[in-house]
Structures are given as structure tokens and as C-alpha cells.
Amino acid sequence: MKTKKSPICRFFTYQIRFLLCPLLTLVLSVASAEPANSPADPRPQQSDTASSQLIANYLTVTGGSQAHLKLRNVVAEGTIKESILQRNFRLIETVDGKRHITYYWTHLGRKYREIYVHDGLQTWKQALEPEKLKPSSYDGADGAHFANHCWLIQPFTLPLLADYVFKYQGAGKVAGRPAHVVKAYGKNKAHSWFYFDQEKFLLTRWGGAGQIAGVQENMDYRAIGFKASGGVLLPTNIDLIAENAVYGRVHFDRIAVNQDLNDVSFLMPRSTTPTLRQRAVAPKN
């Protein structure tokens, strides 16, 4: 008995067949599957044709460019497990580059809650439970990776797209599947790379330089499964990868798009701790 495909599956299949031919006509040189991440690598003046075509294909097969242009933000909830530590999270990402993640978990009967935020310029963090501490800058490789590499929103549409130039790197593989590798040059010499599946054009892996256990590593995200949210296909699970080894997983229980964020502040709070000043004492004669 022949199984009837859903409208989404039929649309996806049609788009793949339509887009495959023009991409294969491009002359694509094969390069290393691991793009260089050297700051000395010069930033191209503009994105090349192959990269632009891959990004256009990705936007089409994941809902269409118009659906992506309507995307202003995503709000997601789920769990993240790294080694033996499992935490719940609430994630906010916006198309202008802001991120806000709240992690919360319970250990030995005590509740913990922390936030990590990038406001578009500054990156900061704060512990809220079991004790509320003063916010502090989130610096170094950890903070840079947090600011430059998102889980759900990618820099393929404006306004975030304006900060990036893309360059095709060649062929690679993701979980054994052939992929096209594109390198992105962002702000402040930040480099990223994106792996697009050669058959379906989905973004299956992305990342950049980060830090784990105090050591700078190439840290990537690998998409495991996709589901439509607000008309755009987004990952349902993400593997956390350092130097090609999986060390954790992100699972999304709920993803909503274009939410009202009026009650969310991305700016680091000012310290309300009073400063004691000593009064000058006149010298005795």
C-alpha cells in the first residue's frame, strides 16, 4: 500500500529537486572539512556565489525566505546535559544578535538558577539562586563563543547578516553524510563555520572556537532532528561537540517564535551595593 506524504514533506521534496540542479552547476573546489580558524585569515570583501547559493537553498527548504524574514526572535525551553550535569533552561535569541539563557536545576535539595546574557555588545552572567550575586562580565573564549554562536537563530537574514561575510570551504561530512562547508567572518575577527547537507541543504553542524575545561577547542553544535516552529524548520535536539567528540546534548521541549519580550532586559543591572566613603579628617595642629 502506498503511503501518502504530508503537504510539508511534498513541499520539502519539491524544493530539494528544484534546488539541486542549480547548485551542482557551480564550480566548487574541494577543501578541508575542518576550516581554518586563524585570525590571520583575511576577511573577503563579499560573500562568494557558492556560499550565497547554499544559504539561499537553506532558507528555502526550511520554510522559505519570507518566513525567515518574518522571524524576529525565538523562545525555547528544554534540558541540557553535559557529562553528569543536567539542567533545565529557557532560551531567548533575537535576529539582532541578543541572547538570554536561564539555567535552573536542583542539587541535593537546593535550587540553583543562573543567567547568561549577550545584549548585542556586552556579555555578562549572574547567579540568582541559591544566593543572588552581583552580575559580572562574561569574558574570554567562553563569553565570545556564547555571543557568536547561537542554538537556533543563524546569521543568514538581516539585520544579523550585515555583520557577516561567507566563503565556501569545500566538502565535509556530518555523521557520515556529505556536506558543503562554509566559513563565516563575523565582527571582531570572530570566525564560524557552517555545514549544509549536500542532499537536503539543511544546516546540520555549526560552531567556532570556544573553551572547555580551560582548554581552547573547536566547539560545534550538531542538529539531531527538525520540527517546524512558526513556519521555519528548527532543530529538536543538538549534540554538543568538542574536537569531534560529543560531550553533551540539548533537547528542546518547546520552541515559540516572535514572542513579546517587553518584560525581558538584556542589559546588565547596575550594582545597588552602597559604597562607604570615609570623611576626610583635618590634621591636628
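Mind giving me the nanometre distance, one decimal, between the label points for ASP139 and GLN86, set 7 Å out from Cα along Cα→Cβ? Roughly 3.6 nm, to one decimal. Say the cut-off is 19 Å between C-alpha atoms; which of LYS98/LYS183; LYS98/LYS187; LYS70/LYS98; LYS173/LYS227; LYS200/LYS227 go over it? The pairs that break the limit, which is 19 Å between Cα atoms, are LYS98/LYS183; LYS173/LYS227. For region 126-259, a Kirkwood radius taken over Cα pairs fed into Stokes-Einstein (25 °C, viscosity 0.890 mPa s) yields D = 151 µm²/s.
Any read-out appearing in this document is the output of simple, stated calculations on the displayed coordinates, not a laboratory observation. Quick caveat, the model's predicted, so the values are computed rather than measured. Ideal geometry is used to build each Cβ from the backbone, glycine not excepted, and the neighbour counts take in all protein chains shown.
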